[in-house]
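Since the structure comes first, as C-alpha cells, the remarks are kept for the end.
The values are calculated or read from the model by the stated rules, or taken from the named source; none is laboratory data. Remember, predicted model here, so these are calculated numbers, not experimental data. Here the Cβ is made from the backbone with ideal geometry for all residues, glycine too, and neighbour counts use every protein chain on show.
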Amino acid sequence: MPNITIYGPPQSTYTRTARMTCVEKGADYDLQPIEFGSPELLAMHPFGKVPAMRHGNFTLYETGAICRYVDRALPGPSLLPEDGERRALVDQWISAVSDYFYTDMIHGWVLQYVFARGPEGQPDMAVIKPSVDKSRSHLEALNAAYDGRDFVVGDSLTLADLYVAPIMTYVHGMPEGPTVLEGLTNIHHAGEAMMARASYKQTLPPPPPGQAAA
Ligand SMILES: N[C@@H](CCC(=O)N[C@@H](CS)C(=O)NCC(=O)O)C(=O)O
C-alpha cells in the first residue's frame with residue numbers, strides 16, 4: 001500500500017485532524033506543506049483550502065472525506081461508531097465544530113491575534129470580544145457533552161474528538177483561554193487524556209509568533 005500524503009501546513013487545524021486520523025489508524029503518511037493559491041494546491045482542491053490528500057493515484061479534499069477514507073482504508077477499530085445514534089452524534093459534533101467552533105474560536109479569536117488587523121496593527125478587540133463570549137457558550141455545550149467521559153461521544157475515540165483537539169490546542173494558548181475555560185472540568189479531564197495520545201503529541205503545531213507552545 002503506498003503512503004498517504006496529506007497536503008497542508010502543520011498550523012492548520014483541519015490538516016491536523018486528518019493527520020491525527022492517520023496516526024490513530026496506524027497509517028504511514030507524509031505531511032507535505034503546500035502554498036495557498038499555488039497551482040499545485042488548486043489542481044487537487046478547486047476551492048483552494050487545506051488539507052488535500054493523495055493516496056496512489058487517488059486525490060481527495062475536504063477533511064471529513066479524507067478522514068472517512070483513511071478510517072475505511074486502514075484496518076483496526078473504526079473512528080466512527082456502528083451504532084446509528086452514536087454515529088449521528090459524531091456527525092453532529094463534526095458539523096458543530098467545523099461551523100460554530102471554527103468560526104468563533106479560529107476566525108474570530110485565534111487568527112485575530114496571529115494576523116492582528118486592529119488599530120495600529122493591534123488585535124481587534126471589537127472582533128475578539130464577541131467571539132470569546134460565543135466561544136464560552138460553545139465550550140459549555142462541549143463540556144456538557146463529555147458528561148465525565150474522555151470522549152465527546154461514547155466511550156472510545158471518534159472523529160469528533162479529532163476535530164475538537166486541534167482547536168482546543170489554540171484556545172489553551174490564547175490570553176483569554178484560562179478565563180474562558182474556567183470551571184469547565186469535563187473539558188479539562190478529557191483534554192488531559194487527549195494530550196497523552198501519540199496522535200496529539202506527534203502533530204502539535206509550531207507555536208504562533210509570540211506564543212509559547214501549547
Ligand atoms: N471545509 C474544509 C475547510 C478547510 C479549511 O477551511 N482549511 C483552512 C485551514 S485550517 C484553510 O484552508 N484556510 C485558508 C483559506 O480559507 O483561504 C474542510 O473540511 O477541509
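Numbers for the structure displayed
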quantity	calculated
Residue pairs meeting the criteria (Cβ under 9 Å; at least 6 apart or on separate chains; first in the same structural domain as residue 45 (by TED's automatic domain parsing) and in a helix (DSSP H, G or I), in the range 1-22; second within 12 Å of the ligand (Cβ to nearest atom) and among the aromatic types (Phe, Trp, Tyr))	13/102; 13/163; 13/170; 14/102; 14/163; 15/7; 17/163
Exclusive hit being closer than 29 Å to residue 85 by Cα, assigned by TED's automatic domain parsing to the domain that holds residue 94 and crowded, with 20+ Cβ neighbours inside 10 Å, set 154, 191, 148	191
Criterion: under 21 Å from the mean Cα position of the chain (by Cα), within 16 Å of the ligand (Cβ to nearest atom) and surrounded by fewer than 19 Cβ atoms within 10 Å (Cβ to Cβ) - qualifying residue of 68, 72, 87	68
Residue that is farthest from the chain's Cα centre (by Cα), among those in the range 157-211 that are among the hydrophobic types (A, V, I, L, M, F, W, C), over 23 Å from residue 136 (Cα atoms) and part of a loop (DSSP other than H, G, I, E, B)	196
Leading residue by the ranking (farthest from the ligand (Cβ to nearest atom)) among those in the range 1-16 that are crowded, with 24+ Cβ neighbours inside 10 Å and aliphatic (A, V, I, L, M)	4
Residue in the range 33-48 that is more than 16 Å from the ligand (Cβ to nearest atom) and in a loop (DSSP other than H, G, I, E, B) present	no
